[in-house]
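S.K.: Encoded as structure tokens, here's the structure I'll be asking about.
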Amino acid sequence: MKVLVINAGSSSLKYQLIDMTDESVLAKGNCERIGIDGLIGHKTADGREVEKNVDFPTHKEAFLAVVDILTKGEGKVIDDVKEISAVGHRVLHGSEVYKTSTVITDKVIEDIFAFSELGPLHNPPQATAMKACQDVFGKETPMVAIFDTSFHQSMPAKAYMFGIPYEYYEKYSIRRYGFHGTSHRYVSKRYFEVTGKDPVGTKIITCHLGNGSSIAAIKDGKVLDTSMGFTPLDGFIMGTRCGGIDPSVVTYIANKEGKTPDEMSDLMNKKSGFLGISGVSSDCRDLHAAANSGNARAKLALEMFVYQIKKFVGGYAAAMGGVDAVIFTGGIGENDNKIRQWICSDMEYMGLEICEDLNSEASRHDAKFSKDASKVEAWVLPTNEEIMIARDTMELVGK
């Protein structure tokens, strides 16, 4: 069985074709600049690379290009599109309706569109991509929606409710949803696989750190709490997002600067975080380079990132009544040994002691970097959201 995994944006369509016999990636790529002009970049497992300029007026033309490049020419990996048994789609927001991955029907697509107010940047293009996929592959090819919010649906009300009048939860479903759920789910499952531990009775904290970052407290294999909230803006400082702040800061700036709600949203989502504090970049690697050159604001941005994460780790350990492991994943979590070291420093009080040599070697592969005597384990476990999407797709289609 071969599964095509899709992650659609407003002007992009990322894809992977996975052979579920051995879960190998046959090819992957990205259709860029949809609605503008068009470029497709494609890589095969045996090292072939193809790049083409193709007109992408809509997502439909992008899907047609994906089919073409998978079945013809230099990038060919299958003989016929009929070899693709199913398509799995990543979806940002499932509201409170979709608590698990779901086979896509017309009603599901309508609901994803309906949740656009909860995920305005992601849900509309993802639902649009599903319709385009149906046009290209036909409705006889099964599709599955995998929601970033679904893994966090196990949170109790005390964790997901905000302290605003209850009527706004009832009227508008305003609550903490959490995101990066597919990553947190994969990494937590991977931890139980590599350690052989039973999820029941286990307390872990998964740290997905990248341009967008979130942390989850997972007790007995289920999410107790997570740092992102009603939107992916909440939590701690990220590449361009401010993270959690006093809500009065928003109204204060808006009044002083005469900004509209949409302009404030843009400021907090796209102009804040690492970029806003440092004035240098939204990329953690650039901040390290600038800080090493004496840039005080770049150094401050890194210090804020580490400090805020340490508070979440300590808070979640308290909420769970202890912690067995702290796990790092995502672009920063997997690759930045300095950030991992700084986060884990001075954690001896809660039983976490790391080995700096092991930490330096831990990047980009499954590795424990805590000391043998440490009561709390520290791990790097690279995430693989695509294989999680493919597995869910295969399981639901098989049923």
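The values are calculated or read from the model by the stated rules, or taken from the named source; none is laboratory data. All of these numbers come straight from a predicted model, not from anything done at the bench. Cβ coordinates were reconstructed from backbone atoms using ideal geometry, including for glycine residues, and neighbour counts include every protein chain displayed. Remember, those area values only see protein heavy atoms, side chains included, never the ligands or the DNA or RNA. Shrake-Rupley method; radii C 1.70, N 1.55, O 1.52, S 1.80 Å.
S.K.: Which lysines have a Cα less than 18 Å from the Cα of Lys43, not counting those fewer than 8 places away in the same chain?
M.R.: Cα-Cα hits under 18 Å: Lys2, Lys14, Lys28, Lys52, Lys72, Lys76.
S.K.: In whole Hz and in residue order, list the ³J(HN,Hα) couplings for segment 75-82 that follow from phi through the Karplus curve 6.51 cos²θ - 1.76 cosθ + 1.60, θ = phi - 60°; x for Gly and Pro.
M.R.: So the J values, rounded to whole Hz, are x, 4, 10, 9, 7, 8, 4, 5.
S.K.: Among Ile327, Ile339, Ile204, whose mean-square fluctuation peaks in a Gaussian network model of the chain (Cα, cutoff 10 Å)?
M.R.: Fluctuation is largest for Ile339.
S.K.: Please list the equivalent ellipsoid semi-axes of segment 52-197, computed as the square roots of five times the alpha-carbon gyration tensor eigenvalues, in descending order and whole angstrom.
M.R.: For segment 52-197, the semi-axes come out at 33, 21, 13 Å.
S.K.: Something else about it: Find the accessible area per residue for segment 1-148; the probe is 1.4 Å, ligands and nucleic acids are left out, and the unit is Å².
M.R.: I get 45 Å² per residue for segment 1-148.
S.K.: Compute the long axis of helix 59-71 from its Cα atoms, compare it with the longest principal axis of the Cα atoms of the chain, and write down the angle in degrees, 0 to 90, nearest 10.
M.R.: 80
S.K.: At a Förster distance of 35 Å, what's the computed FRET efficiency of Glu353 paired with Lys399, Cβ-Cβ distance as r, to 0.05?
M.R.: 0.15
S.K.: Kirkwood Rh and Cα-based Rg: tell me the resulting Rg over Rh for segment 1-104, rounded to two decimals.
M.R.: Taking Rh as the inverse mean 1/r over Cα pairs, Rg/Rh reads 0.99.
S.K.: Then there is this: So, in nm, how far is label Val50 from label Glu361 when the simple model puts each one 7 Å beyond its Cα toward the Cβ?
M.R.: 4.1
S.K.: For helix 247-257, report the angle its Cα long axis makes with the longest principal axis of the Cα atoms of the chain; keep it between 0 and 90° and round to the nearest 10°.
M.R.: Taking Cα atoms only, the helix is inclined about 80 degrees.
S.K.: For the chain, what proportion of DSSP beta bridges, expressed in % and rounded to the nearest 5, is antiparallel?
M.R.: Antiparallel: roughly 65 percent of the beta bridges in the chain.
S.K.: Another one. How do the peptides 33-41, 251-259 rank, highest first, by the average count of neighbouring beta carbon atoms within 10 Å per residue?
M.R.: Per-residue mean Cβ counts within 10 Å order the peptides as 33-41, 251-259.
S.K.: Another question about this same structure. What FRET efficiency would be calculated for the residue pair Ile78, Thr100, taking the C-beta separation as r and a Förster radius of 22 Å, to the nearest 0.05? Before the final figure, lay out each step's value.
M.R.: Details: r = 29 Å, r/R0 = 1.33.
It comes out at approximately 0.15.
S.K.: Compute the signed sum of charges (Lys and Arg +1, Asp and Glu -1) over the other residues within less than 12 Å, Cβ to Cβ, of Ala290.
M.R.: +1
S.K.: Taking amide hydrogens as modeled 1.01 Å from N in the peptide plane, which residues meet the under 5 Å criterion relative to Met143, leaving out close sequence neighbours?
M.R.: Here Val87, Ile104 satisfy the definition.
S.K.: Additional query: Count the net charge of all other residues whose Cβ sits under 13 Å from the Cβ of His42, scoring Lys and Arg as +1 and Asp and Glu as -1.
M.R.: Value of the local net charge: +1.
S.K.: Quick check: the distance between the Cα centres of segment 205-272 and segment 99-162, to the nearest angstrom?
M.R.: That distance is 22 Å.
S.K.: What percent of all Cα-Cα pairs in the chain falls into each 20 Å bin, going from 0 up to the bin containing the maximum distance?
M.R.: 25, 58, 17, 0
S.K.: A follow-up question, please. Under the rule of -39500 (n - 2.57) per DSSP H run of 4 or more residues, summed and divided by the residues of the chain, what mean residue ellipticity at 222 nm is obtained, to the nearest 500 deg cm²/dmol?
M.R.: On the way: 15 runs with 158 residues, N = 399.
Rounded to the nearest 500, the figure is -12000 deg cm²/dmol.
S.K.: As an exercise, use a Förster radius of 35 Å and the Cβ-Cβ distance of Glu23 and Lys222 to find the FRET efficiency, rounded to the nearest 0.05.
M.R.: Plugging the Cβ-Cβ distance into 1/(1 + (r/R0)^6) gives 0.90.
S.K.: A further question on this structure: Sum up the charges of everything whose Cβ sits under 11 Å from the Cβ of Lys72, counting Lys and Arg as +1 and Asp and Glu as -1, but leave Lys72 out.
M.R.: Around Lys72, the surrounding residues sum to -3.
S.K.: Arranged from highest to lowest average of other beta-carbon atoms within 10 Å per residue, in what order do the peptides 269-275, 188-194 appear?
M.R.: Numbers: 269-275: 19.6, 188-194: 17.3.
In descending order of packing, they fall as 269-275, 188-194.
S.K.: If you don't mind, another one. So for the pair Ala373, Ser11, with labels modelled 7 Å out along Cα→Cβ, what separation do we get in nm?
M.R.: 5.6
S.K.: Beta carbons within 10 angstrom, averaged per residue: use that to sort the peptides 57-65, 295-303, highest first.
M.R.: 57-65, 295-303
S.K.: Still on this model: Give me the extension gain from Lys256 to Glu140: residue separation times 0.36 nm, minus the current Cα-Cα distance, reported in nm with one decimal. Don't jump to the answer; show the numbers that get you there.
M.R.: Working: separation 116, 0.36 × 116 = 41.76 nm, distance 5.57 nm.
That pair, Lys256 and Glu140, stretches by 36.2 nm at full extension.
S.K.: Carbon-plus-sulfur fraction of the accessible area of segment 244-399, 1.4 Å probe, in percent?
M.R.: 50
S.K.: Give me the accessible area per residue for segment 165-289, probe 1.4 Å, as a whole number in Å². Could the numbers behind the result be given before it?
M.R.: Details: 5640 Å² over 125 residues.
Result: 45 Å² per residue.
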